[in-house]
1. So what is the calculated 222 nm ellipticity per residue for the chain, using -39500 (n - 2.57) for each DSSP H run with n of 4 or more, over all residues, to the nearest 500 deg cm²/dmol?
2. Sorting C87, C79 on the 10 Å Cβ count, fewest up front, what's the list?
3. Return one number: the angle in degrees, 0 to 90 and rounded to the nearest 10, between the long axis of the Cα atoms of helix 34-46 and the longest principal axis of the Cα atoms of the chain.
4. Please state, rounded to one decimal and in Å, the Kirkwood hydrodynamic radius that the stretch 7-73 gives when every pair of distinct Cα atoms enters the mean of 1/r.
5. Convex hull over the alpha-carbon atoms of the chain: what's its volume per residue in Å³?
6. In debye, nearest 20: dipole of the stretch 7-73 around its Cα centre with unit charges on the Cβ of K, R (+) and D, E (-)?
Amino acid sequence: MYLLDGMGGMLSAQARNIADSDVLLAVSFPPYTLEVAELTAGAAAKGPELISITDSTIDPIVGAATVSLAVREQDVYACPSVTATLCLVQLLVMSSGLRRMAKPPTPQRLRTAAE
């Protein structure tokens, strides 16, 4: 699991490491940024599954998503809250971890030089 945070303006460089076997979880709320929309569209073209979490079906990242989850957040004294979104992300991450733990690892056979 990797966090693409765009620290230092390096979001596009971080996104180059996304493989087709990965799952990208993109979270986007107003004001929707062009950078996140471009990242999700570019990543979707590479083949990974894309889960979007957003507040609306008109969010630019929804079109590229395999699955889109809509979350309605409430402002608390004019300060946007992300509590529901964080709970949803935690649920997805924990479910994924539990599912991976339930599957027995596939034994890997060592290859010989002749192969």
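1. Numbers: 3 runs with 38 residues, N = 115.
Only helices count here, giving -10500 deg cm²/dmol.
2. C79, C87
3. Around 30 degrees separate the two axes.
4. Working: mean 1/r = 0.0834 Å⁻¹.
The Cα-based Kirkwood calculation yields 12.0 Å.
5. 144 Å³
6. Values: 3 positive and 8 negative charges, 15 e Å.
The dipole magnitude comes to about 80 debye.
Read the figures in this text as sums done on the coordinates, not as results from a lab. Because the structure is predicted, anything quoted here is derived from the model rather than measured. Methodologically, a virtual Cβ is constructed for each residue, glycine included, from the backbone with ideal geometry; neighbour enumeration extends over all protein chains shown.
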